[in-house]
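For reference, the structure is listed below as structure tokens.
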Amino acid sequence: MKIIPAIDLMGGRVVRLIRGDERALIDYSHMGDPLIIAKRWVSEGADLLHIVDLDGAKGIGDNTEVALSIARSVNAKIQFGGGIRSLERARFLLNKGIYRIILGSLALKSPTTVKSLIEEFGNQKVVIALDYMGDIVLYKGWKEKTPIKLNNAISMFKKIGCEYFLLLSLIHI
């Protein structure tokens, strides 16, 4: 088993949202800036950090420079997602020091983009994020259902070479 610490970024700060709801925001600024928190995780043994740009995912901002700064400053690999909506952006991140990218909506909209990235960078460099409720895949930040069943999505992406999946279940309460 591998434990991967997560750092969610919003407005340059480390936060946590419940199901993407900003009203349920927990701000961790009291623990330090994102780089300090990343260095702490690495000092505690993490060799891979999971960083999500919540502003990028929502299309309201960009924390790419924060993530790239962390990638340059710590002795750990960075797995980064949030707002990666094009092949060009994915290539930019991988070429600038992000070890692995996380693709959600882009992967569902364009599996050929995923295939291109795997052919160019290898299957170690791409994670497919699948949000789901029951057995139905959701996208656009938990807001819209797709007609795709979770097992079918996993099978489809495995056929094009995907090895890593991030599965997030929305439990309907």
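The values are calculated or read from the model by the stated rules, or taken from the named source; none is laboratory data. As the structure is a computational prediction, the values presented were derived from the model and not from experiment. Neighbour counts are summed over all protein chains in view; Cβ atoms, including those assigned to glycine, are modelled from backbone coordinates with ideal geometry. SASA here: full protein model, heavy atoms, side chains in, ligands and nucleic acids out. Shrake-Rupley method; radii C 1.70, N 1.55, O 1.52, S 1.80 Å.
Structure notes:
- Scanning the range 97-116 for residues that are hydroxyl-bearing (Ser, Thr, Tyr) and outside any helix (DSSP H, G or I), we see that the one that is nearest to Val52 (Cα to Cα) is Tyr99.
- Tallying residues that are modelled with pLDDT of 95 or more and open to solvent by 60 Å² or more (accessible area, probe 1.4 Å) within the range 46-60 yields 1.
- Filtered residue count, the range 138-163, keeping only those that are under 17 Å from Ser110 (Cβ atoms), within 16 Å of the chain's Cα centre (by Cα) and open to solvent by less than 60 Å² (accessible area, probe 1.4 Å): 2
- Residues of the range 27-86 classified as over 18 Å from the mean Cα position of the chain (by Cα) and either in a loop (DSSP other than H, G, I, E, B) or of a type in the set (A, V, I, L, M, F, W, C) (or both), total: 10
- Some residue of the range 26-35 being at pLDDT below 95, farther than 18 Å from Phe92 by Cα, of a type in the set (Ser, Thr, Tyr) and open to solvent by less than 80 Å² (accessible area, probe 1.4 Å): yes
- Every condition in (1) surrounded by fewer than 17 Cβ atoms within 10 Å (Cβ to Cβ); (2) small (Gly, Ala, Ser); (3) touching a strand residue (DSSP E or B) at 6+ places or on another chain (Cβ under 8 Å); (4) at pLDDT below 95 is met by Gly97 except one, and the failing one is (4).
- Taking first residues from the range 96-108 that are under 15 Å from Gly56 (Cβ atoms) and partners that are part of a loop (DSSP other than H, G, I, E, B), the Cβ contacts under 7 Å between residues at least 6 apart in sequence or on separate chains come to Ile101/Ile84; Leu103/Ile84; Ser105/Lys140; Leu106/Ile84; Leu106/Arg85.
- Count of residues meeting criterion [in contact (Cβ under 8 Å) with a residue 24 or more places away in the chain and either of a type in the set (Asp, Glu) or touching a Lys or Arg at 6+ places or on another chain (Cβ under 8 Å) (or both)] in the range 45-95: 15
- For the range 153-161, the condition of being touching a residue at least 12 places away in the same chain (Cβ under 8 Å) and charged (D, E, K, R) holds for none of the residues.
- Scanning the range 121-131 for residues being without any contact (Cβ under 8 Å) to a residue 40 or more places away in the chain and either among the aliphatic types (A, V, I, L, M) or buried (at least 21 other Cβ atoms within 10 Å of the Cβ) (or both) gives a total of 4.
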